[in-house]
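A short write-up of the structure that comes next.
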Amino acid sequence: MSILGRIAKEPPFRLLAGAIVRILPVSLKTKAEWDAVTRPNYLMGVLYAASQAKEEAIEDISVIEFGVAGGAGLITLQEYAAAAEKELGIRISVWGFDTGEGLTQLCGDYRDHPDRYSPGEYRMDKAQLSQWLTQRTNLVLGDVGKTVQAFVRDAAYPPIGFISIDLDLYSSSREALKVLVLPGKRMLRRVPLYFDDVDSNVHHAWAGELLAIKEFNEENDGVKINRWRGLEEGRPFPEHVWLRRMYIAHDLAAISSTHAPRGARELPLTL
């Protein structure tokens, strides 16, 4: 990194530098590094997925949002996928999973945070959202426990490269994570994950998305989910909340059967 680049990241200058990066026609990688977009978590996930696909010599990937609600996140994911495809040359399909009818509470106890969420919240205007989606984006409506099963079994989807989970509830988050382990699943060796509901004062390891992650790791040997380590290092704004919500699903079975090329290192994520 240049001396000027290091100076720009220092607290006295970083706010001004970030504002400049937001308006300049710089690379997506630079935009993501400086949090210079609406959802840097989504852009970072898409960029990492595209870089991982290049490492694995894969030309097409899927990115998924579980929990579409009004559709703002899915539309943004669609925008980033199109931009990353153009810049990096990896074709990217977008998938959005939702009931379409708002939250449902399935397990009937504290695990679904009934103290915070109510059935029917985040209902979707399906007709309006459909007008905003392009051909690259697929909306999958219905109970996630059933739609994920059908998706892995029947859909001709490219390997999964990035997943955002904003389902709020333990029950639906648990079902969504099965997309990584069901027979016939297709995923990259490392899949970045964003969990939206893991770090407020009401969240804990015995409910919600954190419990879904814990049980996933206890029940599955071939794929494990862990925090995205080192993501904060070298960033201008390492204190931003979204960084603590990023994880990676490691396909241990696939990794065991591969051999890194001489001199291989972790994927470059900062400048």
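The values are calculated or read from the model by the stated rules, or taken from the named source; none is laboratory data. Note that the coordinates shown come from a computational prediction; the quantities given were computed from them, not determined experimentally. Don't worry about glycine lacking a Cβ; one is built from the backbone with ideal geometry, like all the others, and counts go over all protein chains shown. The area values use the complete protein model at the heavy-atom level, side chains included, leaving out ligands, DNA and RNA. Shrake-Rupley method; radii C 1.70, N 1.55, O 1.52, S 1.80 Å.
Remarks
- Just so you know, in the range 189-230 the residues that are among the polar types (S, T, N, Q) and touching a strand residue (DSSP E or B) at 6+ places or on another chain (Cβ under 9 Å) include one that is most open to solvent (accessible area, probe 1.4 Å), and it is 226.
- Residues that are in contact with a Lys or Arg (Cβ under 8 Å, 6 or more places away or on another chain) and under 12 Å from residue 140 (Cα atoms) were ranked within the range 70-101; the one that is surrounded by the most Cβ atoms within 10 Å (Cβ to Cβ) is 94.
- Residue check for residue 157: assigned to a loop (DSSP other than H, G, I, E, B), under 23 Å from residue 62 (Cα atoms) and open to solvent by less than 30 Å² (accessible area, probe 1.4 Å): yes
- Check on residue 31, within 20 Å of residue 242 (Cα to Cα), out of contact with any Leu (no Cβ under 6 Å at 6 or more places or on another chain), open to solvent by 20 Å² or more (accessible area, probe 1.4 Å) and in contact (Cβ under 8 Å) with a residue 60 or more places away in the chain: no
- Top-ranked residue of the range 122-151 - restricted to ones that are of a type in the set (A, V, I, L, M) and farther than 28 Å from residue 83 by Cα, ranked as surrounded by the fewest Cβ atoms within 10 Å (Cβ to Cβ): 150
- Failed item in (1) more than 11 Å from the chain's Cα centre (by Cα); (2) buried (at least 21 other Cβ atoms within 10 Å of the Cβ), with residue 63 passing the rest: (1)
- Selection from the range 180-214 of residues that are in a helix (DSSP H, G or I), at pLDDT 95 or above and farther than 16 Å from residue 254 by Cα: 209, 210, 211, 212, 213, 214
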